[in-house]
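Below is one structure, written out as structure tokens; the observations come after it.
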Amino acid sequence: MNITAQLDQLSTAEKISTMEYLWDDLCRHADEVSSPDWHGEVLAQRELSVAEGSATYRDWETEKARIRDALK
């Protein structure tokens, strides 16, 4: 099945609806999907940096603005 050719034919609204359907389907079967090992490694590194006091934090509103600016 060539899904990309079919997606090219959909309107934006239809694509969003399709994404919502896919997301809902994935959520219904979340127990069948395992996180990759690197997720656990990243979380462990972050927990360690918090425990050591070396973690840095950024204001979410500032970061959203930075991301929006980068996408312009």
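Results, tabulated for the structure shown:
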quantity: GNM flexibility winner over the chain from E41, E61, E32 (Cα, springs under 10 Å); calculated: E61
quantity: Loop chymotrypsin sites (Phe, Trp or Tyr not before Pro), segment 1-67, which have at most 16 other Cβ atoms in a 10 Å radius of their Cβ (DSSP); calculated: Y57
quantity: Value of D in µm² per second that Stokes-Einstein yields for the chain, Kirkwood Rh from Cα pairs, at 37 °C (0.692 mPa s); calculated: 198 µm²/s
quantity: Furthest towards positive pole of dipole, I67, A44, S11, structure part the chain, Cβ charges; calculated: I67
quantity: Paramagnetic reach from H39 (point 7 Å along Cα→Cβ, amide N under 17 Å) across segment 13-30; calculated: 23-30
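Computed from the coordinates by the stated procedures, all read-outs in this text should not be read as laboratory data. What you see is a predicted model, and the numbers here were worked out from it, not measured in a lab. Cβ: placed from backbone, ideal geometry, glycine included. Neighbour counts: every protein chain shown.
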